[in-house]
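Remarks on the structure that follows.
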Amino acid sequence: MNFELNTEQKGFESAVRRFAENELRDGAVARAHSQDYPWDISGRMAAQGLLGITIAEADGGLGGTLMDAVIAIQTVASVCPRSADVVQAGNFGAIRVLAEYGSDLQKEKYLKPLLAGKALIAVGMTEPDAGSAVTELKTTATRDGKGWRINGTKIFTTHGPHADFILAYVRFGPGTKGIGSVMIETQAEGMRLGKRSAFMSDEEWVEIFMDNVYIPDEQVVLGEGGFKKQIAGFNVERLGNTSRSLALGRYAYEEARQWALQRRQFGKLLCEFQGIQWKFADMRIKLDAAQLLLYKAASGADSGFPSPTETAIAKAYCNQIGFDVANEALQVMGGMGYSRESLVEYCVRRCRGWMIAGGSIEILKNRIAEGVFERTFSQRAS
């Protein structure tokens, strides 16, 4: 049993780090505080092969592993936390579902510009009355000739204000088996974006209204019965969330470590106080343990999609640890950590959001418990 990256993975990590240091370090603070999507680096990442890492070469990707994508997102985040969002969008979640289940026509029309860094895709899942209870979604797809009419509302959609395409979860029929997904262009007739709002992280979202939007059959990605396949793809998105949580916690840890090696109080370096030493010892233990859980979930997939249980365990733990470590790092740095002159406060805010997004920690623990007791537990009112 080997817990180290192999030679090829280490080489890939080094190459990504060189790119990040040369292309992303300058402007990292400004990029993090901008509400715009970082289009300035999307094309450069595409040219470096950092988009579509796990997508088959025949579809325009690199044909790499999920572990490669995790390495890339963590390495980029260690230099420029905001830029890791571009790696996320180009490798995890909606783009992976499109690559895995989309038709040749869909891949040509949608996947090609996404892999070139010229377009952005978002997942339209959460609704006003269907958050964690995703199977309660009400957005409908009703047959109209050779196509479908889509009606419904989505909220809290990551990249919603900037996306060119939405992979929308819709209801073709009753029950879980009636749920599938369709591709909708955000400029389509009947699509309307509501007032822009912002999360605590300053990342923007909009309410998305679909009023009798027409799509042809060619834009259906997964029809009735496709829900389980979509959730399998969502597990990959969760690993992107997990990777960023841990990476931003580690970023804040490193910033605080350097601060403790230089900052003097009461005639001593901070690192010479035992209380500070214990804080860093605890942070290191948590980061290393979380890293192993993330690697287990990613490497266990080999090809295809990861284990739902291993993904839930990794996300629940890394979300908590990423936030806890970033928050402790802020405390160590005091006023400077709390200031927007550093990215530590940004890491705290972003990590806090990921404890909710992509499956809250509480919902994940419910799923883990089902594995523990080998039975399902309905959360619905009886």
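Please treat every number below as a calculation from the coordinates, not as lab data. These numbers were taken from a predicted model, which means no experiment stands behind them. Cβ sites come from the backbone with ideal geometry, for glycine too, and all protein chains shown count toward neighbours.
Going by average Cβ density within 10 Å per residue, which order do the peptides 355-361, 251-257 take, highest to lowest?
The most tightly packed comes first, giving 251-257, 355-361.
Quick check for me: using +1 on Lys/Arg Cβ and -1 on Asp/Glu Cβ, what's the dipole size of the chain about its Cα centre, in debye to the nearest 20?
Around 640 debye, computed over the chain.
As a test of the formula, what do you get for the chain when each DSSP H run with n ≥ 4 contributes -39,500 (n - 2.57) and the sum is divided by the residue count, at 222 nm and rounded to the nearest 500 deg cm²/dmol?
The helix contribution divided over the chain gives -15000 deg cm²/dmol.
Going toward the positive end of the dipole of the chain, with +1 on Lys and Arg Cβ and -1 on Asp and Glu Cβ, which of M183, Q320, A46 do you reach last?
Q320
State the extension gain, in nm to one decimal, for the chain segment bounded by K10 and I356, taking 0.36 nm per residue of separation less the distance between their alpha-carbons.
Length gained between K10 and I356: 121.4 nm.
Among 207-219, 149-161, 186-198, 127-139, how do they line up by average Cβ neighbours within 10 Å per residue, starting with the highest?
149-161, 207-219, 127-139, 186-198
Take the residue pairs K138/K177; K107/K315; K154/K195; K154/K296; K177/K229; K229/K315 and return only those whose Cα atoms are more than 21 Å apart.
K107/K315; K154/K296
Between K365 and Q35, with labels modelled 7 Å along Cα→Cβ, what's the label distance in nm to one decimal, could you check?
3.4
So, in nm, how far is label A58 from label D282 when the simple model puts each one 7 Å beyond its Cα toward the Cβ?
Computed distance between label sites A58 and D282 equals 5.3 nm.
Taking the dipole about the Cα centre of the chain, with the C-beta of Lys and Arg at +1 and of Asp and Glu at -1, give me whichever of A72, A133, W259 is farthest to the positive side.
So the residue furthest toward the plus end is W259.
Taking a cut-off of 24 Å, what percent of all Cα-Cα pairs in the range 1-137 are separated by more than that?
36
Taking the highest mean first, how do the peptides 373-379, 286-292 order by number of other beta carbon atoms within 10 angstrom per residue?
286-292, 373-379
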